[in-house]
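Laboratory data are not the source of any read-out in this text; all were calculated from the coordinates shown. Computed from a predicted structure; not experimentally measured. Please note: Cβ atoms are built from the backbone with ideal geometry, for glycine as well, and neighbour counts cover all protein chains shown.
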Amino acid sequence: MTYLARPKIELPGQKTNAIGLTLRDYEGALSTLCAGCGHDSITAALVQALWEMSLRPEMLIKMSGIGCSSKTPAYFVHGAHGFNSVHGRMPSVATGALAANRDLVGLGVSGDGDSLSIGFGQFGHVIRRNVNMLYLIENNGVYGLTKGQFSASADAGSTSKKGEVNQMQNINAVATAISMGASFVGRGFSGDREQLVPLIKSAIAHPGCAVLDVISPCVTFNDHEGSTKSYAYTREHKLRATEADLIPPRAEIRASYYAGDTYPVRLHDGSTILLKKADPDYDPTRRNNALGYLERHRRHGEIVTGVLYIDQNVPDMHEQSRSTEAPLRDLPFETLSPGRDALAELQKGMK
Amino acid sequence: MSTTQNRINDFVLKIATVNGTGSASANGLLMKALFRMGVPVTGKNLFPSNIQGLPTWYEVRANHQGYMSRCSRVDVMVAMNAQTYQKDLAEVSPGGFLVYDATWPRERDLNRHDITVFGVPLSKMCNENFEVARVRILMKNVMYVGVLAALLDLDLEVIKQLLQETFSSKPKLIDANLKAIMLGYEYAQKHFTCPLPIRAETMGDNTGNILITGNEAIGLGCLYAGATVGAWYPITPSTGVMDAFTSYCERFRVDPETGDRNYMIIQAEDELAAAGMVIGANWVGARAFTPTSGPGISLMSEFIGFAYYAEIPSVFINVQRVGPSTGMPTRTQQSDTMMCAYASHGDTRHPLLFPSNPHECFDMAVRAFDLAERLQTPVFLLSDLDIGMNDWMVPELDWDDAYRPDRGKVLRPDDLAEMDRFIRYLDTDGDGIPHRTLPGDDPKGAYFTRGSGHNKYGGYTEDSDEYQEILDRLLVKWDTAKTLVPDAILSPSSKKTKLGILAYGSSDGAVIEARDRLAELGIHVNYLRIRAFPFSAEVHEFLEAHDTIYVVEQNRDAQMKALLMLEANDIADRLVSILHYNGMPIPSECVVTGVSRHQGLEVAA
Ligand SMILES: Cc1ncc(C[n+]2csc(CCOP(=O)(O)OP(=O)(O)O)c2C)c(N)n1
Ligand code: SF4
Ligand SMILES: [Mg+2]
């Protein structure tokens, strides 16, 4: 199989965004995933979100590990560099890339196997460093690419396609991320694009590591009766805690936004994540409240979605390490290498 | 060799202490005193994998001929550790000397009649002259420096000067240290015949030389090469590399006004992550490196293969220790040669650089970045604990201000503007090296980096021909690497000979000294020091030109010999291994014995 370029059809009058690009400019190669795979819907939501944000394609880096989910960066924004790394290690490569150029927009796509099993360590540490990126987990409860084994996110009591019952407790990506100190945690569903697009935009705008757990049914191995990651189950048990919207920097924030259950989270770049509480009980700025809420609803088999936790004031990796404003990779060599005289001076202390 | 004869500037001094007692500064003072007297000197730490309380030794070799290798003789032992006293006493060469703390009586059977034993009541004198407990312990160490100064005729003025420089910011300490030194000095003058027949004598001032460890030199090399991202996970004996890089960056890379840093050092969660970070940063166009040791390389292997296949520059510094497994973390070996050469699954091979001393560590660290970027591949700098953590006297490091990094074939927006289409993995000029672009530059340069089967466009492929095209091109690139890596260095014998020695890295010093001794025995050998893998043309020529080639290395399995046999034809029956792998730096005697035995000569080592 070779690289399939998507035929590019220019429709006259096709809508362009603020930098003059059409939706098509944010697409990638044709997907080779199974028809109906949740991951493809997430790809579509990403295309929409990035287009709406008028992101310059070359400023995006698309990072992933290994799995069906990790293949998807090839399917959006063909004008961005992509990096399909090794299984479970996307976070470290993204960390290095963003260390070298802090102006890039980091977008990591991972799977539940990629993040919660083999890559569990790196998942935790990219959060701990608060690397400024979107960390998107396409969560289907199975290892799709290796043909349907349970993943660590499979719920206890759920069954495999062959009827085998999973006995182990699941690792809950959002609760784990919140308890590890993530600065932004959200959950969405591949089947709810209307909710997902603004979630993605908010996560990208957030100045730190934004973890998005997106339930993304695997039609081939985990869409049956007994699965808790199927389309049917997710639709039935999905519950919105909050709704998010991203308001660009120059847009006016109306007074009504501050009213009652709606409140804006002002970001450093001037944009605003506008959060509306779908459930008045929910407080996404307090970890305890968020975790307690998640746990209460988990017990009833409900899947809580929306922006679940946010703290835009946690210093990101660059602030923590006090690195200079300019991308490190762009620093002129003259400023990096102290030169001959300095070396001679330094060596006086070695005599 | 008897030690009783007059020997000037040719002795081995060994100091046995307990780690954590602050003997390092006393030992450093001894080293520097000899250094400033113009005497070629090396210092080797023999320390335990422990923080406090276990025995540790420091071995100083002074040698007017400039021999740097370890020498199994011990002329003067300073036995400060009661725990190891018996062993230390036994280790003194016949005719040698031993200094011990005579505050407490020794058991009678702990004596030897073929050496001279000097008892100095060090603890007693310290207790009488210093108040604070911690100071007493420290001053006991400084006091033996005074004793040795009298016995070995070290220049007191030099020592005073050194104290002044070391404690310039804490004048009180100068007085205390000087007092301790003089107490020791005067005691020895009064009670023993000073100086000893083995002693030091000023022979210059060592202008043009420095004392440095390999780890410091590598850290400095990374700084000078313009590395901006360093990722690591602490592991002995490589930790000093990042410690050095950090302190040099703090000195040279911080904006004095804003405090902004022109670098980022990331202490990763493990070596896998460190490798990923280095690969990610290089992919974006920064120079990034990771220092580690054997266990770290094992963990990094999957990523190393990735970087090889996806063609991402990256610099891996392996300061080798003793394996297998955790092995002996504070002992030295050259036992990762094979692993690094072919690290990772599938058909992979990587350039290795073998510095033999800290001077070369500096130069080769810079070279490693140039090679990695030129070849778009992982490059290994293979140091070891002996080079990395011991104090070496080497010629001053030099820097050419005209140096600019070789960034290799990188296409920036201006270059892309002139092209119809960018093809990531296309060899346009036959050297096997394709062009790369950097994220953040231009959508025209966008491509997909992947470790899965790919074609020249970077697209996913399972097509046999497309796959093989890339794999074969990587071999062309390997041939290019042979012409770019540091060449091997030939030291011909003064007499025509068909005998040769091949060695690399820290075995160099032992070979240099051994060749002189072998020549005295009538055995003449040419010496080629391998400085890189893949082997450059000189290595093959050397193999062809000799009937017997001794391959000297510090591992059990003759790893370099194995590499040579894989790369060159019909040499198996001409290669003879000389191996040393007990964890101590290889002494020259090992090479002398190995060669002379094989030549049918028995020598007393
Ligand atoms: C080191 C390593 N071990 C195992 C594999 C095989 N493998 C490929 S994808 C995968 C699981 C992927 O699961 P997930 O991350 O959930 O992605 P999905 O396919 O479900 O989207 C495994 C085990 C591998 N590629 N590398
Ligand atoms: S196997 Fe599952 S996860 Fe993979 S492409 Fe098919 S539906 Fe998607
Ligand atoms: Mg999965």
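If you take all C-alpha pairs in the stretch B:211-335, what percent of them are over 17 Å apart?
Summing the P(r) of the stretch B:211-335 above 17 Å gives 56 percent of all pairs.
What is the extension gain from B:His64 to B:Glu538, computed as 0.36 nm multiplied by their sequence separation minus the C-alpha to C-alpha distance, in nm to one decimal? Kindly include the intermediate steps, with their values, before the conclusion.
On the way: separation 474, 0.36 × 474 = 170.64 nm, distance 3.16 nm.
Gain on extension, B:His64 to B:Glu538, equals 167.5 nm.
So what is the diffusion coefficient of chain A in µm² per second by Stokes-Einstein at 10 °C and 1.306 mPa s, using a Kirkwood Rh over Cα pairs?
75
Take B:Cys222, B:Cys126, A:Cys68, A:Cys34 and order them by how many other Cβ atoms sit within 10 Å, fewest up front.
A:Cys34, B:Cys126, A:Cys68, B:Cys222
Averaged over peptide B:228-235, how many Cβ atoms belonging to another chain are found within 10 Å of each residue's Cβ?
The shielding value for this peptide is 3.
If I take every Cα pair under 8 Å that is 6 or more residues apart in the stretch B:58-188, average their sequence separation and divide by the length, what percent do I get for the relative contact order? Intermediate values should be presented prior to the final figure.
Numbers: 149 pairs, mean separation 23.9, N = 131.
After rounding, I find 18 percent.
State log₁₀ I(q)/I(0) for the stretch B:7-206 at q = 0.08, 0.17, 0.18 Å⁻¹ as given by the Debye formula over alpha-carbon point scatterers of equal weight, solvent excluded.
-0.24, -1.19, -1.35
Using alpha carbons only, how many degrees (0 to 90, rounded to 10) separate the axis of helix B:271-284 from the longest principal axis of chain B?
For helix B:271-284, the angle is close to 50 degrees.
Report the far tail of the P(r) of the protein assembly as shown, meaning the percent of Cα-Cα pairs longer than 45 Å.
On the way: 183481 of 456490 pairs.
Across the protein assembly as shown, Cα pairs with separations above 45 Å total 40 percent.
Mind pulling the angle between the C-alpha long axis of helix B:294-310 and the longest principal axis of chain B? Nearest 10 degrees, somewhere in 0 to 90.
20
What FRET efficiency do you get for B:Glu186 and A:Asp103 if R0 is 51 Å and r is their Cβ-Cβ distance, rounded to the nearest 0.05? Walk me through the intermediate numbers first.
Details: r = 66 Å, r/R0 = 1.30.
Rounded to the nearest 0.05, the efficiency is 0.15.
On each of the three principal axes of the Cα atoms of the stretch B:489-598, give max minus min coordinate, whole Å, ordered largest first.
Principal-axis extents of the Cα atoms in the stretch B:489-598, largest first: 35, 32, 23 Å.
Mind pulling the angle between the C-alpha long axis of helix A:193-205 and the longest principal axis of chain A? Nearest 10 degrees, somewhere in 0 to 90.
In chain A, helix A:193-205 runs at an angle near 20 degrees to the longest axis.
Which FRET efficiency value, to the nearest 0.05, do you get for B:His113 and B:Asp205 by plugging their Cβ-Cβ distance into 1/(1 + (r/R0)^6) with R0 = 25 Å? Mind dumping the intermediate values first?
Working: r = 40 Å, r/R0 = 1.61.
Calculated value: 0.05.
If I model a spin label at B:Ser298 and A:Glu302 as a point 7 Å from the Cα along the Cα→Cβ vector, what separation in nanometres do I get?
Each label point lies 7 Å from its Cα, and together they span 5.0 nm.
Grab the beta carbon distance between B:Lys495 and B:Ile571, set R0 = 25 Å, and tell me the FRET efficiency rounded to 0.05.
Here the calculated transfer efficiency is 0.60.
State which entries of A:Lys62/B:Lys482; A:Lys147/B:Lys456; B:Lys87/B:Lys140; A:Lys351/B:Lys482; B:Lys14/B:Lys190; B:Lys124/B:Lys172 exceed 32 angstrom in Cα-Cα distance in the structure shown. Display every interim value, and only then the final one.
Numbers: A:Lys62/B:Lys482 35 Å; A:Lys147/B:Lys456 29 Å; B:Lys87/B:Lys140 21 Å; A:Lys351/B:Lys482 37 Å; B:Lys14/B:Lys190 23 Å; B:Lys124/B:Lys172 22 Å.
Distance filter (> 32 Å) returns A:Lys62/B:Lys482; A:Lys351/B:Lys482.
For a label point 7 Å from the Cα of B:Cys194 along Cα→C-beta, name the residues of the stretch B:89-121 whose backbone N is under 15 Å from it.
Only B:99-100, B:118-121 fall inside the zone, counting backbone N under 15 Å.
Please report, in debye to the nearest 20, how large the charge dipole of the stretch B:301-431 is about its Cα centre when each Lys and Arg carries +1 at its beta carbon and each Asp and Glu carries -1 there.
On the way: 11 positive and 23 negative charges, 111 e Å.
Here the stretch B:301-431 has a charge dipole of around 540 debye.
In nm, to one decimal, how far is the modelled label at A:Gln149 from the one at B:Asp429, with both set 7 Å along Cα→Cβ?
It is 4.7 nm.
Return the aspartates and glutamates within reach of B:Lys496: Cα separation strictly under 20 angstrom, same-chain partners fewer than 8 residues apart disregarded; answer none if there are no such residues.
B:Glu513, B:Asp516, B:Glu520, B:Glu538, B:Glu541, B:Glu544, B:Asp547
Taking A:Lys238 as the anchor, which lysines have their alpha carbon closer than 19 Å to its alpha carbon, excluding any fewer than eight residues away along the same chain?
A:Lys229, A:Lys276, A:Lys277
Among the aspartates and glutamates, select those whose C-alpha is under 19 Å from the C-alpha of B:Lys179, and discard any that sit fewer than 8 residues away in the same chain.
Once the sequence-local aspartates and glutamates are set aside, what remains near B:Lys179 is B:Asp101, B:Glu128, B:Glu131, B:Asp153, B:Asp155, B:Glu157, B:Glu165.
Where nothing but the Cβ of Lys and Arg (+1) and of Asp and Glu (-1) is charged, how large is the charge dipole of chain B around its Cα centre, in debye to the nearest 20?
Here chain B has a charge dipole of around 2060 debye.
Pulled fully out, how much extra length does the chain show between B:Asp516 and B:Gln86, if you take 0.36 nm times their separation in residues and subtract their Cα-Cα distance?
Details: separation 430, 0.36 × 430 = 154.80 nm, distance 3.40 nm.
Difference between extended and current length: 151.4 nm.
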